[in-house]
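Coordinate-derived values only; no laboratory data. As the structure is a computational prediction, the values presented were derived from the model and not from experiment. Virtual Cβ from ideal backbone geometry, glycine too; neighbours counted across all protein chains shown.
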């Protein structure tokens, strides 16, 4: 059975159960979402854990009655009158905002009805397994000045096995939550009260992790013919009016006035790259031009949607814009797709889903250009044999896009890479190149990110690996633990040799027990501990303890050593093996 329809029907049963238990509660909305459903309620006093259990029991009773979902159509005036009589103020607002005169409602049982366009399952008895998960606050329409409602989240599946697996993954996800692991590992913090919500502060380890990612990206972009640029954080509002962002995106932009002019804290990098393109005359021989920037942008997100590193107000994108000839467009799109997949594999993501998002209701440019842009993206996916789904009407206001969504260790999806095909902005900014006939022609512009927001990608990395990052990404790769003061000098020599080979290392000379130091290294997710005693110092060796196992890494061992037992190896051998693993991005 279609899960979306099933879950939407289950949210309807949830609303019915709440109304039967608390008739005075007002109903808002209750859609299906990716992993379940929710319903928003206006209730005096919070829902408690005991309330959720009571609601679940009432839902089971409704499901056991196998009540049919009955659809009925009313005209707009009748619907408004009906829901006014029921004192359902939020439903009245929804009806008033709807276009057209035909309004559909669904009824179950003797008295319950809800505004809904459907579809629903045939009857409540088709709901086999469900679970209410949590309660959260939610502003009506997501606007902070509107009333705060209570949102009950739930999920349902076609079988108990699927539900059990989902609940197991949900518990596992809690242990992977980057909002908990990130601060614990010293990566980042978000100081809401002191600095403002949605603004990230990278601590030394987190800043180092981000630098490692950025350095990798710079190197890979340069290899592929991209040119690195840097653009200002604030620009004249007139620029954003030309681009269309001012009209189509202003609610998400920070604007301010100074010296009689309006400026914008940039929410995108594309207008800055356009100005660089326009800085001199371009020939067809110059194209394609690929401009890359690790550009920090700022977006005015509502407080209710902020979520750790995944939704913030200031973030950095690995943003690039490719200006190309029409005949170069297919090849450039395919090159970007290959670049995305190669990059994802390096970071340990081997599964993904692809969507092609088409023209939204509000857009710029001609329908003819939109069709060309959409066909270019779709043909590239078809030529490469990549399965995809159509995401109707979810393109950017200036062009359609390919969205590549990663799947992590728990099979959850993360939006990262995007490829957008744009005929509109080159036209609005009068971008040209001199063609073979000496005439001015308009280039086509591709907007693209690989990782997307670095903040969101780091959050995804932390959760995918449960904080245990691969060796090449770990801020500290090796911890040195000297057993006695007499071997500290040798430990410092080891540290210098590791650093000379670009291995990130820390030296722990605290007056603590070996077991405590190892335990703390485990908690800090450090891949290797090198234990150094008098024997190791005398023989210029190190005893290697790999995180989580206590075993040595080396292939020549006939049998694995028991957990906690260290194996001695020559320092040069350790450096060689570790360097090879780092080079291979392991």
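With N as its number of residues, the stretch 157-238 has a Cα radius of gyration that, divided by 2.2 N^0.38 Å, comes to 1.70.
A quarter of the convex hull surface defined by the alpha-carbon atoms of the stretch 314-372 gives 6.4 nm² as the mean projection.
For the stretch 331-472, count all C-alpha to C-alpha pairs, find those more than 28 Å apart, and express that count as a whole percent of the total.
More than 28 Å apart: 27 percent of the Cα pairs in the stretch 331-472.
Per-residue ellipticity at 222 nm for the chain, helices alone: DSSP H runs ≥ 4 residues times -39500 (n - 2.57), over residue total, nearest 500 deg cm²/dmol? Before the final figure, lay out each step's value.
On the way: 19 runs with 215 residues, N = 586.
It comes out at -11000 deg cm²/dmol, rounded to the nearest 500.
Between the alpha-carbon centres of the stretch 1-77 and the stretch 472-513 there is a gap of 59 Å.
For the pair residue 252 and residue 489, a Förster radius of 60 Å applied to the C-beta separation gives a FRET efficiency near 0.55, rounded to the nearest 0.05. What the Cα convex hull of the chain gives, in volume per residue, is 219 Å³. A straight chain from residue 66 to residue 134 at 0.36 nm per residue would run longer than the Cα-Cα distance by 21.9 nm. When each of the peptides 14-20, 520-526 is scored by the mean number of other C-beta atoms lying within 10 Å of its residues, the order from highest to lowest reads 14-20, 520-526. Label-to-label distance for residue 514 and residue 73 is 8.1 nm, based on points extended 7 Å past Cα in the beta-carbon direction.
Computed FRET efficiency, Cβ-Cβ of residue 413 and residue 259, R0 60 Å: what is it to the nearest 0.05?
Working: r = 46 Å, r/R0 = 0.76.
E(calc), rounded to 0.05, equals 0.85.
Legend: translational diffusion of the stretch 3-170 by Stokes-Einstein, Rh = Kirkwood radius over C-alpha pairs, 10 °C, 1.306 mPa s; D = 97 µm²/s. Against the empirical curve 2.2 N^0.38 Å, the C-alpha radius of gyration of the stretch 4-95 lands at a ratio of 1.13.
For the stretch 263-405, the orientation-averaged shadow of the C-alpha convex hull comes to 10.9 nm² (one quarter of the hull surface). The convex hull of the Cα atoms of the stretch 431-552, projected and averaged over all directions, covers 12.7 nm².
Starting from the Kirkwood radius over alpha-carbon pairs of the stretch 440-501, derive D by Stokes-Einstein at 37 °C in a medium of 0.692 mPa s and give it in µm² s⁻¹. List each step's numbers first, then the result.
Values: Rh = 16.0 Å.
The Stokes-Einstein estimate is 205 µm²/s.
In this simple spin-label approximation, residue 496 and residue 436 carry label points 7 Å from Cα along the Cα→Cβ vector, and these lie 6.3 nm apart. The peptide list 227-233, 284-290, put in order of mean Cβ contacts within 10 Å with the highest first, becomes 284-290, 227-233. Averaging the sequence gap over all C-alpha pairs within less than 8 Å and six or more residues apart, then dividing by the number of residues, gives the chain a relative contact order of 10 percent.
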